[in-house]
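Before any comments, here is the structure.
The values are calculated or read from the model by the stated rules, or taken from the named source; none is laboratory data. The model shown is predicted, which means the values in this text are computed figures rather than measured ones. All Cβ positions, even for glycine, are placed from backbone atoms using ideal geometry, and neighbour counts span all protein chains on display.
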Amino acid sequence: MKRESGQTYIDLVVAIPILVAFAFLMVQGVMIAGGVDATTKAARDAARAVTLDRDPRAAAAAALPDGVRLESVERYECDGVCVRVRANVPIGVKGFATTSGMDITRTAEFPDVG
């Protein structure tokens, strides 16, 4: 019986780090998905700001949550108002293990009303 008890502890010692790593990866995936969604919204808000003669960079920055860094906002040629927003979503645990993050680029196109 003691031998089986020892085997259970070994199984637990192996399983816990695997479960923690899996949970960490799941959280990172949710954070990246949230960053993609926020960057898409930032691009739409920046394009809307251009159509209203407002600052697109300020509109994009206001749409991004804390921790997501705005890298660039640029207009490009199209049949309407087109804006490309690039943001950086951090990967890792702040203050413990972080990387340079993941760059996300999203575009928005609005019809030219003028």
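The residue that is surrounded by the most Cβ atoms within 10 Å (Cβ to Cβ), among those in segment 46-68 that are touching a residue at least 24 places away in the same chain (Cβ under 8 Å) and not small (Gly, Ala, Ser), is PRO56. Of all positions in segment 75-85, none carries a residue that is of a type in the set (Val, Ile, Thr) and surrounded by fewer than 13 Cβ atoms within 10 Å (Cβ to Cβ).
Taken together, the residues in segment 39-96 that are at pLDDT 90 or above, of a type outside the set (A, V, I, L, M) and either in a strand (DSSP E or B) or under 30 Å from ALA23 (Cβ atoms) (or both) amount to 13. Residues that are more than 22 Å from GLY101 (Cα to Cα) and of a type in the set (Gly, Ala, Ser) within segment 19-57 comprise ALA46, ALA47, ALA49, listed in sequence order.
Among the residues in segment 102-114, are any part of a helix (DSSP H, G or I), more than 14 Å from the chain's Cα centre (by Cα), of a type in the set (A, V, I, L, M) and modelled with pLDDT of 90 or more? No, that holds for no residue. Pairing each residue of segment 15-36 that is of a type in the set (Phe, Trp, Tyr) with any residue that is at pLDDT below 90, provided the two are 6+ apart or on different chains, yields C-beta distances under 9 Å for PHE24/VAL93.
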